[in-house]
1. Going through Lys116, Lys49, Lys108, Lys44 one at a time, which residue ends up being more than 28 Å from Ser159 (Cα to Cα) and charged (D, E, K, R)?
2. Look through Lys49, Lys44 and report the one residue that is loosely packed, with under 11 Cβ neighbours inside 10 Å, among the charged types (D, E, K, R) and without any contact (Cβ under 8 Å) to a residue 12 or more places away in the chain.
3. Quickly run through region 146-165 and pick out the residues that are buried (at least 17 other Cβ atoms within 10 Å of the Cβ) and over 17 Å from Ile207 (Cα atoms).
4. Looking only at region 149-164, which residues are outside any helix (DSSP H, G or I), over 19 Å from Val216 (Cβ atoms) and charged (D, E, K, R)?
5. Need the failing condition index for Phe140 against (1) surrounded by 14 or more Cβ atoms within 10 Å (Cβ to Cβ); (2) in a loop (DSSP other than H, G, I, E, B); (3) modelled with pLDDT under 95, just the number.
6. Restricting to region 198-218, name every residue that is surrounded by 13 or more Cβ atoms within 10 Å (Cβ to Cβ) and within 25 Å of Glu25 (Cα to Cα).
7. In the set Leu20, Leu16, Leu3, Leu8, which member is more than 17 Å from Gly107 (Cβ to Cβ), surrounded by 13 or more Cβ atoms within 10 Å (Cβ to Cβ), without any contact (Cβ under 8 Å) to a residue 60 or more places away in the chain and out of contact with any Asp or Glu (no Cβ under 8 Å at 6 or more places or on another chain)?
8. Please find, among Tyr28, Tyr38, the residue that is in a helix (DSSP H, G or I) and touching a residue at least 40 places away in the same chain (Cβ under 8 Å).
Amino acid sequence: MNLIPIILIVIAVGFLLYWLLVMTEGVYLGQRVVVWLYDLTANKYDGIKQFDIVHERATISIPLSQTLAGQQKPLVLDVATGTGRVPILLMQEAGFAGRVVGLDAAGKMLAIASSKLEAIPAENGKSSALIQQTAVLLPFPGNTFDAVTCLEAMEFLPSAEAALNEMVRVLQPGGTLMTTRRKGYEARMFFDRYHSAESFESLLQDIGFTEVRTDVWQINYDLVTARKRSVS
């Protein structure tokens, strides 16, 4: 019996499953699978990510706080908040004095975020809230938020374009977007979901953003910031 074809089939199936469930985290199997996988790993998520708090503050919460410093009680939305990365950073940031809303479709991820936020004293008028909801459609009126963030999640959303259109809708004119663009060889394994730096910047400009800027951030991600175009 020739085992070579069987071995090749097993290898191919194994690679396909790895691509579907690990590399692209279920995105090609539908939103329910993505949410299920995140809930499955919720208790291990922070350990897997091993966030560097110094780097996180320097690149996320301090720049955001400085951008929003001139506004009274700024309102921030964090899309795909997971275990509360951005809300926790802002609630602990001395320069931030507003309200941050974390939104995610995975209930177990939000439960962990909630427990961590409850341990942080609300000072200087800061407050936070968590909402279980998908990125499309966002359950907020237009022109609501002073800033919207969405980190390391764009490629896992049902449609990055649809999500970005929702983000620009809920942002106030002149409001700030902070998001990420996946890069490197793994990014190209997302095929139709992959954006070069140039195409991602063009996408943001086409849907109503200006002052688009791409900065090196992590091995697998660029940090992209922009402003919603003001009404002339």
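The values are calculated or read from the model by the stated rules, or taken from the named source; none is laboratory data. The model shown is predicted, which means the values in this text are computed figures rather than measured ones. For neighbour counting, all protein chains shown are included, and Cβ atoms are generated from backbone atoms with ideal geometry for every residue, glycine included.
1. Numbers: Lys49 fails: more than 28 Å from Ser159 (Cα to Cα); Lys108 fails: more than 28 Å from Ser159 (Cα to Cα); Lys44 fails: more than 28 Å from Ser159 (Cα to Cα).
Sole residue among the options that is more than 28 Å from Ser159 (Cα to Cα) and charged (D, E, K, R): Lys116.
2. Numbers: Lys49 fails: loosely packed, with under 11 Cβ neighbours inside 10 Å.
Unique residue meeting the criteria: Lys44.
3. Those that are buried (at least 17 other Cβ atoms within 10 Å of the Cβ) and over 17 Å from Ile207 (Cα atoms): Asp146, Leu151, Glu152, Ala153, Glu155, Phe156, Leu157.
4. Across region 149-164, there are no qualifying residues.
5. (3) is the only condition that Phe140 fails.
6. Within region 198-218, Phe200, Glu201, Leu203, Leu204, Thr214, Trp217, Gln218 qualify.
7. Numbers: Leu16 fails: surrounded by 13 or more Cβ atoms within 10 Å (Cβ to Cβ); Leu3 fails: surrounded by 13 or more Cβ atoms within 10 Å (Cβ to Cβ); Leu8 fails: surrounded by 13 or more Cβ atoms within 10 Å (Cβ to Cβ).
None of the others qualify; the one that does is Leu20.
8. Working: Tyr28 fails: touching a residue at least 40 places away in the same chain (Cβ under 8 Å).
Unique residue meeting the criteria: Tyr38.
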